[in-house]
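Take a look at the structure set out below.
The values are calculated or read from the model by the stated rules, or taken from the named source; none is laboratory data. None of the values given here were measured: they were computed from a predicted structure. Cβ coordinates were reconstructed from backbone atoms using ideal geometry, including for glycine residues, and neighbour counts include every protein chain displayed. Surface accessibility is based on the protein's heavy atoms, side chains included, excluding ligands, DNA and RNA. Shrake-Rupley method; radii C 1.70, N 1.55, O 1.52, S 1.80 Å.
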Amino acid sequence: MGDSSLALGTSVHKALGGGSVADVLLWRKWRGGAVMLVSATTMWYLFEVAGYNFLTFVANVLLLLIVILFLWAKSASLLNRPLPPIPNMEISERTIGIVADELQIWLNCVLSIAHDISIGRNLKVFLKVALSLWFVSFIGSLFNFLTLVYIGVILILSVPLVYEKYQPHIDEKLSVAHGVFQEQCRKLDETVLSKLPLPSNKEKKMQ
């Protein structure tokens, strides 16, 4: 933890990008945070508690929106009123390029991990991935997807704010926990992983 940017004094706001998203997550733009929280709570209540069907709900909302816009446009032409203020809904090539670049980075990372496991037979990477997938599976067995997303929204709207307020104390606790974890990993590596037969560099090159 001592090598992290936050531990070196970087603010939480800067670590989150320093833009509008960081302002919302840290409740500096409280209206944005409130809208996000109310929207997530409403969606979770409608689909999880009230039992609405997602596809039916979306179709009905879009139908209502189209009817309102159509009647607005018709009445505007008859009453000589302005048309609905709809922006030019187009996705720029620059936006597509940014998304494609980010997607390429994530895919290359996943493919690199898969290569280390299947070709390189990297036991440590395999154990990390296996434990991560097991943890995700365990969490998924406790909550359904919608509830999990709602919990995620609650966490991203609360954890950064709490961390910013109590950053020195949390960093101290995390540093201690990180040291204990590193020590346990070292012991595991010395007692178990280092004794397992792994392919030599010569065998890897031949493969």
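Scanning segment 139-177 for residues that are surrounded by 12 or more Cβ atoms within 10 Å (Cβ to Cβ) and among the small types (Gly, Ala, Ser) yields SER158, SER175.
Mind checking whether some residue in segment 87-98 is of a type in the set (A, V, I, L, M), part of a helix (DSSP H, G or I), open to solvent by 100 Å² or more (accessible area, probe 1.4 Å) and over 26 Å from MET43 (Cβ atoms)? Checked segment 87-98: no residue is of a type in the set (A, V, I, L, M), part of a helix (DSSP H, G or I), open to solvent by 100 Å² or more (accessible area, probe 1.4 Å) and over 26 Å from MET43 (Cβ atoms).
Within segment 178-207, the residues that satisfy the criterion of being at pLDDT below 65 and either under 27 Å from the mean Cα position of the chain (by Cα) or surrounded by 11 or more Cβ atoms within 10 Å (Cβ to Cβ) (or both) are LEU193, LEU198, PRO199, LYS204. Answer yes or no as to whether PHE54 is aromatic (Phe, Trp, Tyr) and open to solvent by less than 70 Å² (accessible area, probe 1.4 Å). No, not satisfied. Hey, among ALA40, ALA73, which residue is assigned to a helix (DSSP H, G or I), open to solvent by less than 100 Å² (accessible area, probe 1.4 Å), in contact (Cβ under 8 Å) with a residue 24 or more places away in the chain and of a type in the set (A, V, I, L, M)? None of the other options fit; the residue is ALA40. Somewhere in segment 134-143, is a residue farther than 30 Å from TYR45 by Cα and among the β-branched types (Val, Ile, Thr)? For segment 134-143, residues farther than 30 Å from TYR45 by Cα and among the β-branched types (Val, Ile, Thr): absent.
Can you list residue pairs whose Cβ atoms sit under 6 Å apart, with the first residue in segment 149-165 being closer than 18 Å to ALA34 by Cβ and the second being small (Gly, Ala, Ser)? Count only pairs 6 or more apart in sequence or on different chains. Within 6 Å, the pairs are TYR150/ALA40; VAL153/ALA40; LEU157/GLY33.
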